[in-house]
1. Could you please find all residues in region 1-21 being in a helix (DSSP H, G or I) and either surrounded by 15 or more Cβ atoms within 10 Å (Cβ to Cβ) or in contact with an Asp or Glu (Cβ under 6 Å, 6 or more places away or on another chain) (or both)?
2. Taking residue 33, is it of a type outside the set (A, V, I, L, M) and touching an Asp or Glu at 6+ places or on another chain (Cβ under 9 Å)?
3. Tell me which of these residue 58 doesn't satisfy, since it passes every other one: (1) assigned to a helix (DSSP H, G or I); (2) under 30 Å from residue 16 (Cβ atoms); (3) at pLDDT below 95.
4. If we scan region 120-139, do we find a residue that is outside the structural domain of residue 44 (by TED's automatic domain parsing), in contact with a Cys (Cβ under 8 Å, 6 or more places away or on another chain) and of a type in the set (D, E, K, R)?
5. Picking from 126, 139, which residue would you name as being in contact with a strand residue (DSSP E or B) (Cβ under 7 Å, 6 or more places away or on another chain) and of a type in the set (S, T, N, Q)?
6. Can you work out which of the residues in region 27-43 that are within 20 Å of residue 143 (Cβ to Cβ) and free of Cβ contacts under 8 Å to residues at least 24 places away in the same chain is surrounded by the most Cβ atoms within 10 Å (Cβ to Cβ)?
7. Every residue in region 167-189 that is more than 22 Å from the chain's Cα centre (by Cα) and surrounded by fewer than 13 Cβ atoms within 10 Å (Cβ to Cβ), please.
Amino acid sequence: MQRPEFDSIKDYTEFCKYYWYRDELIKICKAHGLKATGSKIELNKVVEAYFSGEKILPEKKKSAKKKEVVVTELTLDTGLIACGFTFGNRFREFFKQQTREENFKFNVDMVATAKAVKESGDESFTLGDLLDIYYGKKTYATYDKSALQWNKFVKDFCADEATGIFNERLKAAAALWKIVRESDIKKEYSHDLLEEYKHILL
């Protein structure tokens, strides 16, 4: 089934059958006078609220002065907000020392958590808490992995040996994804899906 226009969709369940890019969600929210900022997950929540009769309106810009960062020495007890936490080298080096991992990388749950802490203004949350998030000892905010549907689709497409018939696999994957995205088909790659639409892709 072809994806309908947003205004002809009756409820959130029907809306979820289709894949929407973040840019499309922003346009939908703006067109309906809703909050149109944030991640794709946040925008989906705005749309969900809209279908249940609640309007999440755009936030008024705060004119509060930014606090000056005074923390110079980082410890596990240092507040995330107090030290002006970013995902830059200073903090990567700190976590590299704490974990003793030479190639330390922030994971997606750390990113989601830091964003949530800053948005809520939670001054009690520390770098030690963020380390616990890294090790999976605590949960604060988790990254919604459904936002990675396209990545998984391409990975699974390329892993299927049958897709070796395409000179440009990525183009073929994108063409197949477009069919899936604009329909109510499950947003996952399968060999059966390839067989069904191979004639269009060749």
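1. Matches in region 1-21: 6, 12, 15.
2. On the way: of a type outside the set (A, V, I, L, M): yes; touching an Asp or Glu at 6+ places or on another chain (Cβ under 9 Å): no.
When the stated conditions are applied, residue 33 does not pass them.
3. (1)
4. Checked against the condition, which is being outside the structural domain of residue 44 (by TED's automatic domain parsing), in contact with a Cys (Cβ under 8 Å, 6 or more places away or on another chain) and of a type in the set (D, E, K, R), region 120-139 yields no hits at all.
5. Criteria check complete, one pass: 126.
6. If we take residues in region 27-43 being within 20 Å of residue 143 (Cβ to Cβ) and free of Cβ contacts under 8 Å to residues at least 24 places away in the same chain, then 43 is surrounded by the most Cβ atoms within 10 Å (Cβ to Cβ).
7. 167, 168, 171
The values are calculated or read from the model by the stated rules, or taken from the named source; none is laboratory data. Fair warning: this is a prediction, and the values are worked out from it, not measured in the lab. Counting neighbours? That spans all protein chains shown, and the Cβs are built from the backbone with ideal geometry, glycine included.
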